[in-house]
1. Given labels modelled 7 Å from the Cα in the Cβ direction, how far is it in nm from A106 to A225?
2. Taking a label point 7 Å from the Cα of D332 along the Cα→Cβ vector, which residues of region 220-235 have an amide N closer than 11 Å to it?
3. Just S233, S315, S198 to compare: in a GNM of the chain, with alpha carbon springs under 10 Å, which one fluctuates most?
4. When the helices in the chain are scored as -39500 (n - 2.57) per DSSP H run of 4 or longer and the sum is shared across all residues, what 222 nm value do you end up with, to the nearest 500 deg cm²/dmol?
5. Please state the shape class of the chain: rounded when a/c is under 1.5, otherwise prolate if a/b exceeds b/c and oblate if not, all from the C-alpha gyration tensor.
6. Alpha carbon centre of region 25-44 versus region 296-334: separation in Å?
7. Using a simple charge model, +1 on the beta-carbon of Lys and Arg, -1 on the beta-carbon of Asp and Glu, nothing else, what dipole does the chain show about its Cα centre, in debye to the nearest 20?
8. Please report, in whole Å³, the volume per residue of the convex hull around the C-alpha atoms of region 248-359.
Amino acid sequence: MIFSKAGFGGAVADFEAAVVAQDAKRSGKAFIRLQETFGRANETELFAGGPRLAAVLEQVPPSPRAVVAVLVGACVERGADAERCAPGVLAGLRAALEGAVAFGEAWAATGGGAFPVPDDGEPGEEILERTGFEAAVGWWMLSQWEMAAVALLNHRAVRAALDEKAAGAGLDDATVHGQAGSGRGELLRLLTAVAQASGQELRCLSYALQVLDDEPLVVLHRPSATGYLLRLSGIGDNFQLHTLLADALIGGGHVAGRAPSPQEVAVCRETPGQVETAGSFELVAPGGDRLWNEGTPADIPVVDGVRLLVLDEPSYARSWPAGRFFPGMRGDLILERALEPEETERWLARVSPAGELTG
């Protein structure tokens with residue numbers, strides 16, 4: 001493909017060639033041009049540039065590597081192929097997480113103290129002496145890797161590829177969907193270790209790694225003693241799930257309550273923006289714990305191989321801006337069928353009686 005040497009495509013070609021040749025001076029100049037020309041890039045340059053940059057990420061020096069990954073994510077947000085870009089970015093994310101874990105261990109081993117908050121520059125000499133260069137860069141650049149990875153994880157095919165990695169490791173379906181093992185589960189394990197060491201939560205990355213797709217969900221509406229089988233995909237948090245549940249069950253005429261407007265539902269699926277909404281239910285785990293709207297569908301416990309959610313009357317009035325936690329991710333919740341009364345009774349027998357909420 002022929003690029004204009006003055007544009008983003010030309011900068012990509014120069015950077016790619018310089019990195020492969022390990023020409024530090026030339027790659028440094030091309031790195032600057034990448035950032036300067038990205039804003040003027042056309043569709044063709046973005047489509048081709050994202051995968052090409054992702055393919056050489058591993059060969060880029062650690063400090064600028066995260067910035068290049070952010071550019072790859074930005075290319076994906078503007079139409080580049082997420083599946084082609086994902087392997088390089090997610091491998092870089094894992095390496096950064098491993099570095100950040102090593103940083104936390106080294107920081108604790110050398111006296112601990114207030115965990116350093118990365119700034120716009122590079123880690124100083126004192127920090128490098130305590131933790132080593134790669135560990136320090138892993139922690140220092142982790143927020144940029146988060147930004148890049150979330151852009152890729154907005155795409156269902158990328159999330160599916162991570163699940164296939166877990167399946168390829170010999171895990172059963174329940175384990176794969178539970179996010180354990182390799183793939184998403186390994187990234188979450190590392191992310192949890194970083195959060196415990198630093199006290200800082202990378203919430204966007206954590207939630208993106210926990211997004212469920214084509215996930216069956218049994219919902220029991222306790223006030224009406226009715227049950228439903230639904231299937232969810234691409235839902236970033238329980239605020240979004242709450243609105244879509246109210247649309248499926250109340251808007252569908254199955255249970256009584258406040259149904260969200262078409263606009264409230266649309267912004268929870270794929271329409272941009274936010275619309276004020278109000279709560280219709282109390283989300284409750286089978287054991288009686290409250291499931292907060294601020295959580296994710298992955299918080300819903302699995303009972304007999306399927307996620308089981310109880311809906312009670314709301315304990316207090318609550319409103320929020322309806323929308324998507326991940327504006328670039330399409331969300332969906334499909335009501336497959338109402339359960340037969342006998343099925344509902346069997347499921348209700350598995351849940352704690354209504355009472356004072358815990359959690």
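Please treat every number below as a calculation from the coordinates, not as lab data. The shown structure was predicted, so the numbers you read here are calculated from the model rather than taken from an experiment. Here Cβ is always computed from backbone atoms with ideal geometry, including for glycine, and neighbour counts include all displayed protein chains.
1. Inter-label distance under the simple model: 6.4 nm.
2. Once the point is set 7 Å along Cα→Cβ of D332, 231-234 turn out to lie under 11 Å by backbone N, inside region 220-235.
3. S315
4. My calculation for the chain gives -15000 deg cm²/dmol from helical runs alone.
5. Numbers: a/c = 2.41, a/b = 1.76, b/c = 1.37.
Prolate, because a/c is 1.5 or more and a/b exceeds b/c.
6. Taking the Cα centre of region 296-334 as reference, the centre of region 25-44 is 41 Å away.
7. I would put it at about 760 debye.
8. Dividing the Cα hull volume of region 248-359 by its residues yields 121 Å³.
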